[in-house]
Amino acid sequence: MTVPVSLWRHRTFRRYLSGQAASVTGSAISSMVIPVLAVLELDASTAEVAWLTFLGQLPPALLALHAGALADRHAKRHLMIIGDLVSAVALATVPVTAALDRLSLTQLMVVAAVQGAAGVLHDAAAISLLPSLVDRSLLQRSNSRIGILFAISATAGSNLGAALTALLGPARALLGDVLSHLVSAWCTARIQVTAQPRVTAERGHLHTEIGQGLRYVQRDHRLRTLTLVNATTSGALALLNTLWALYLLRSLAMGATVFGVVLGLGALGAAAGALAAPSLTTRYGPGPMMLTALALTPLTQIPLLLASPGLAWQIAIACALFIQLACAAAAGTTQRTIRQSITSHGMQARMQAVSTWLTASARPAAALLAGGLGTWIGVRPTLVAGSVLLLVPLVVLYRSPVRGLMDMPNSPGTGSRAQAGTLPGPSAPPASGPVSTVDGRHDRSTEGGP
């Protein structure tokens, strides 16, 4: 009988995970602090909050495909380190200018855009690096461990952000995220990667490689369906998330500390979902499990839409967020494992880049739409519209054969034993080599939580 390999004894995996967990902790600090800084310190309007969100989410839509091609072409560790250092420098300018009493909403928007661009480069490399660090048989367990630790990191980061905001003020609290990027860069520099065969990249043909990635995803309807589910989910959640902080902080009169605690408690759901994902997929099958998670997600918005100021509603919102992030993490780790398992090594970054590009492209448009609708019809009706849109990815998955996928595929070009011959894998590119795992800073553990 084969003894299960302990991922916690896998030194390279531990270093990778430590760096990414530090980065997620910092992202949670910024996710909590930046809305507070914009709304409470800079008195941002509904439209300005929407623009801030739009500029932060625009870089993935513009740069994801190029970043994916670069990550398949160059050393992934170097790209990750560059992204971390650029983000650290950009964020460090906020407390500096705030100390000089020169901080403006315009600067905050520029920082959001620069950090977003650096994050695209980092994440394209980080997501595609993991399948070369662990054997394919360990991918689902790896994604589950990553989801758990990332959820814990997000919880710690949200609570740490609330504490730092109370102690130092929101601007200086961003130094926590600066430190997280430096720790991430240090851990990444210590990762030892075994040389893997790569597609030989010809300089000046980046668009050709991008086209290969687009065709690769389009040919396999598992990749195509899961990418479309991600994109439609992202658009609906972007509409909700753009006004989520504004609604809680202003309409429901939630304090900054309570806001951070609610985010932290809700993030525990992501840990629970990631922990349960392997056993749920084994018992019910990845297709039915993902379908159920997508069906529950719109229902978790009901407490938010009915809420009024008060402790009881704050608890209800935290509980609903717990369930939403549990569903998102369970479905997210599962679909990510499926995509990584059926994709050959030389296409990992470009496959993920296509998903990131389509998913990210929906976010800026949804952010602007949220700002327009929020100004025109009000914040709460806009949140209702976003909740209704969460039904779209459910319909997409329900109409696809992927809903009936009962086992995890194990390697490129093969389906699960229940679906073999029905769900063919994508063809490997000519020069890619076989090898024996986590999304961007925006949605690493949840595939799109608030």
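Every number in this text was worked out from the coordinates using simple rules, so none of it is lab data. Every value quoted in this text rests on a predicted model; they were computed, and no experiment measured them. Reconstructed Cβ throughout: ideal geometry from the backbone, glycine too, with neighbour counts over all protein chains shown.
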ask   = Taking Rh as the Kirkwood radius computed over C-alpha pairs, what is the Stokes-Einstein D of the stretch 1-109 at 37 °C in a medium of viscosity 0.692 mPa s, expressed in µm² per second?
value = 194
note = Rounded to the angstrom and largest first, Cα extents along the principal axes for the chain equal 56, 42, 42
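Applying a 10 Å radius around every beta-carbon, put 206-217, 337-348 in order of their mean neighbour count, most first.
Per-residue mean Cβ counts within 10 Å order the peptides as 337-348, 206-217.
What is the Å³ per residue value for the convex hull set by the Cα atoms of the stretch 310-391?
113
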message = Under 8 Å for C-alpha pairs, at least 6 residues apart: give me the relative contact order for the stretch 1-155, rounded to a whole percent.
response = 37
request  = Compute the Cα gyration tensor for the stretch 72-181, then decide on rounded, prolate or oblate, letting a ≥ b ≥ c be the square roots of its eigenvalues: rounded whenever a/c is under 1.5, prolate when a/b is larger than b/c in the other cases, and oblate in all that remain.
outcome  = oblate
Stokes-Einstein D (µm²/s) once Rh is taken as the Kirkwood radius of the stretch 261-413 over alpha-carbon pairs, at 37 °C in 0.692 mPa s = 192
message = With +1 assigned to the C-beta of every Lys and Arg and -1 to the C-beta of every Asp and Glu, and no other charges, what is the dipole magnitude of the chain about the Cα centre in debye, to the nearest 20?
response = 1160
